[in-house]
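*Asks:* Have a look at this one before I ask anything.
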Amino acid sequence: MADIFDYLSWRGDLEFSKSPLNPVDYLIFSQISYLPFEGIVPGPDEGGSISIHLALSNLEEKLHNKNGKHKVKLLFHDEPFFIKTIMSSQRFKNCKLLNFVNQIDTKREFQFSAVCIYTDKSCCIAFRGTDANFIGWKEDFNMAFRDTIPSQTEAVKYIEKAAVKIDGRIELCGHSKGGNLAMYSAAFCSGEIKKRITGVYSYDAPGFNGNVIKSGEFSSVKDRIHSYIPQGSVVGMLLEHGNEHTVVKSNETGLMQHSLFSWEVIHNDLSRAEKITVGSLFIGKTIREWVDSLDNVQREKFIKAIYKILNASEMNSIHEMEDSWVTAAGRIIKSLGNIDEETRKLIFNVLAELLRSAGRNINKLIKTKMKTDS
C-alpha cells in the first residue's frame, strides 16, 4: 500500500525532463496549496518567485518560532513530514512558487487561496480546498442553493490575472473545493486562456448544480478534466459532475479517505479501484435525494441556522476551537436554548427528511441484497 511518500522516495530524484508530470505530481501540487505561505511566496502584485526548497525552509523556520509574532499552523498532521520530504526531493525542490493569495471575507462569505507552481516546461495553478476557517465551510454549504459562490468568481479572476505573466501551457489542479475551483475557472475563463489549458486535475471535489453542468462553458473543457475520487468518497459524490470519475484506492476508511495522504500510488500513477463502495453510493444517493427534497429557500435557511449555532462559539476556525473547545462547546450548547421556535422546527424537519431518505435507501439495499442472495 504505497502512498505519496513512497512515490517521493521512488521518483524524488527524477527531474521532470526525465519523467513527465503525472496525476501523482498534480496531487502533490494540490497538497502544497494548503501550506501557509503568507509572507513567504510573492503575491500577484509583488512580482518574482521563490523556489519550493527555500519557501519550505522559510516555512519551517516560522513553524519552529513558537513565540514569534506571526504564529502559523498546519492543517494536516502529515504535513511536517511532507514538507521535509518535498524539500529534499530533486524533482520538486527547484520548482518556482509565485502569485500566492489567501483571502478570507466574512461579509461576502468566501475563502479563497491559490498558488502558481512552475516546473521546467509549464505552470500549474493549484487551488486550495477548504481550510480551517468556518467561513470556508459556510461557503461550501452555499453551493447547495447558489449557482455560483464567490470563490469560484475569484478563481476566474485569479487565472485571468495570472495567465498574463505565464508563458506556455497551463494546468490546473486542486483537492476538495480546490478541485471544484480548478474545473470552474477552466470553464469560465476567457477563450484565449482556455486554449492554453492542457489539463484540469480534480481530487475528490464536489460538483456543481445542473445549470453549470449543462452550460457550453463547461462542455468546452469537459474532455480536459481528470476527476479522481477514493473508493469510499463522500465529498466527491456531492452535486453533479458531468463526467466519469477515476476511482482510486485509499488506505483509510470513511471520511478519512478524503485525505490525499491516504491515497495509494503505484509507480507514476494512482492505484485504481474497480468501483466505489456500496457505502459511498448510499451516502451520495441519500444526500442528493435529501437536497432535492428541499427548495432553495429551505436550503438557505437551514444552512444559515446551522452556521448561526456554530458562530455562537465566538470562534472563527477549527484551530481556535481546538485550543478552547470547552469554552466553545459551552457557548454552542447555551445558544441551542435561544433558538426561536420557527428555526428549531426548520432544523428538525430538514434533519427528519435526511433520516427518511436514509431509511428509503437502506430498504432498497436490503431488497437488492435479498434478490442477489435468492
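The values are calculated or read from the model by the stated rules, or taken from the named source; none is laboratory data. Predicted model only: the values in this text are computed from it and were never measured. Neighbour counts are summed over all protein chains in view; Cβ atoms, including those assigned to glycine, are modelled from backbone coordinates with ideal geometry.
*Asks:* In this structure, is N316 surrounded by fewer than 18 Cβ atoms within 10 Å (Cβ to Cβ), at pLDDT below 95, under 18 Å from F145 (Cα atoms) and of a type in the set (S, T, N, Q)?
*Replies:* When the stated conditions are applied, N316 does not pass them.
*Asks:* May I ask you to list pairs of residues, at least six apart or on different chains, whose Cβ atoms are under 8 Å apart, with the first in the range 195-215 being modelled with pLDDT of 95 or more and the second being polar (S, T, N, Q)?
*Replies:* Within 8 Å, the pairs are T198/S122; Y201/S30; S202/N180; S202/S227; Y203/S30; Y203/S176.
*Asks:* Out of the range 1-11, which residues are surrounded by fewer than 17 Cβ atoms within 10 Å (Cβ to Cβ) and assigned to a loop (DSSP other than H, G, I, E, B)?
*Replies:* Of everything in the range 1-11, those that are surrounded by fewer than 17 Cβ atoms within 10 Å (Cβ to Cβ) and assigned to a loop (DSSP other than H, G, I, E, B) turn out to be M1, A2.
*Asks:* Kindly list the number of the only condition in (1) among the small types (G, A, S); (2) surrounded by 24 or more Cβ atoms within 10 Å (Cβ to Cβ); (3) part of a loop (DSSP other than H, G, I, E, B) that fails for A144.
*Replies:* Unmet condition: (2).
*Asks:* Could I ask something else about it? Could you tell me whether S185 is under 29 Å from S271 (Cβ atoms) and either surrounded by 24 or more Cβ atoms within 10 Å (Cβ to Cβ) or out of contact with any His (no Cβ under 9 Å at 6 or more places or on another chain) (or both)?
*Replies:* Judged against the criteria, S185 is a match.
*Asks:* Do we find a residue being free of Cβ contacts under 8 Å to residues at least 24 places away in the same chain and either on the phi < 0 side of the Ramachandran plot or part of a helix (DSSP H, G or I) (or both) anywhere in the range 26-37?
*Replies:* Taking every residue of the range 26-37 in turn, none turns out to be free of Cβ contacts under 8 Å to residues at least 24 places away in the same chain and either on the phi < 0 side of the Ramachandran plot or part of a helix (DSSP H, G or I) (or both).
*Asks:* Take the residues in the range 253-294 that are basic (K, R) and under 24 Å from G129 (Cα atoms); name whichever of them is surrounded by the most Cβ atoms within 10 Å (Cβ to Cβ).
*Replies:* K285
*Asks:* Condition first: within 17 Å of L27 (Cα to Cα), modelled with pLDDT under 95 and among the hydroxyl-bearing types (S, T, Y). Can you find one or more residues in the range 99-113 that meet it?
*Replies:* No, the range 99-113 has no match at all.
For every residue, the table says whether it meets (1) modelled with pLDDT of 75 or more; (2) within 22 Å of T246 (Cα to Cα).
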| position | (1), (2) |
| --- | --- |
| E264 | yes, yes |
| H267 | yes, yes |
| K275 | yes, yes |
| V297 | yes, no |
| Y307 | no, no |
| W325 | no, no |
| I332 | no, no |
| G337 | no, no |
| T372 | no, no |
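*Asks:* Could you pull out the residue among F76, F16, F82 that is outside any helix (DSSP H, G or I) and surrounded by 17 or more Cβ atoms within 10 Å (Cβ to Cβ)?
*Replies:* Just a single option satisfies the conditions, and that option is F16.
*Asks:* Find the residue count for the range 195-229, including only residues that are in a loop (DSSP other than H, G, I, E, B) and of a type in the set (S, T, Y).
*Replies:* 2
*Asks:* Among (1) of a type in the set (D, E, K, R); (2) over 23 Å from L270 (Cβ atoms); (3) in contact (Cβ under 8 Å) with a residue 12 or more places away in the chain; (4) out of contact with any Asp or Glu (no Cβ under 6 Å at 6 or more places or on another chain), where does K157 come up short?
*Replies:* Single failed check for K157: (3).
*Asks:* Conditions first: (1) in a helix (DSSP H, G or I); (2) under 26 Å from V24 (Cβ atoms). T153 passes all but one, so which condition is the exception?
*Replies:* (2)
*Asks:* Select, from S259, S293, the only residue that is over 20 Å from the mean Cα position of the chain (by Cα) and under 28 Å from F141 (Cβ atoms).
*Replies:* Selected residue: S293, the only one of S259, S293 that is over 20 Å from the mean Cα position of the chain (by Cα) and under 28 Å from F141 (Cβ atoms).
Conditions tested, residue by residue: (1) touching a helix residue (DSSP H, G or I) at 6+ places or on another chain (Cβ under 9 Å); (2) basic (K, R); (3) under 21 Å from Y203 (Cα atoms); (4) modelled with pLDDT of 95 or more.
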{"residue": "V24", "(1), (2), (3), (4)": "yes, no, yes, yes"}
{"residue": "S33", "(1), (2), (3), (4)": "yes, no, yes, yes"}
{"residue": "G48", "(1), (2), (3), (4)": "no, no, no, no"}
{"residue": "I52", "(1), (2), (3), (4)": "yes, no, no, yes"}
{"residue": "H64", "(1), (2), (3), (4)": "no, no, no, no"}
{"residue": "N67", "(1), (2), (3), (4)": "no, no, no, no"}
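*Asks:* While we're here: Any chance you could count how many residues in the range 162-174 are at pLDDT below 95 and surrounded by 14 or more Cβ atoms within 10 Å (Cβ to Cβ)?
*Replies:* Number of matching residues: 4.
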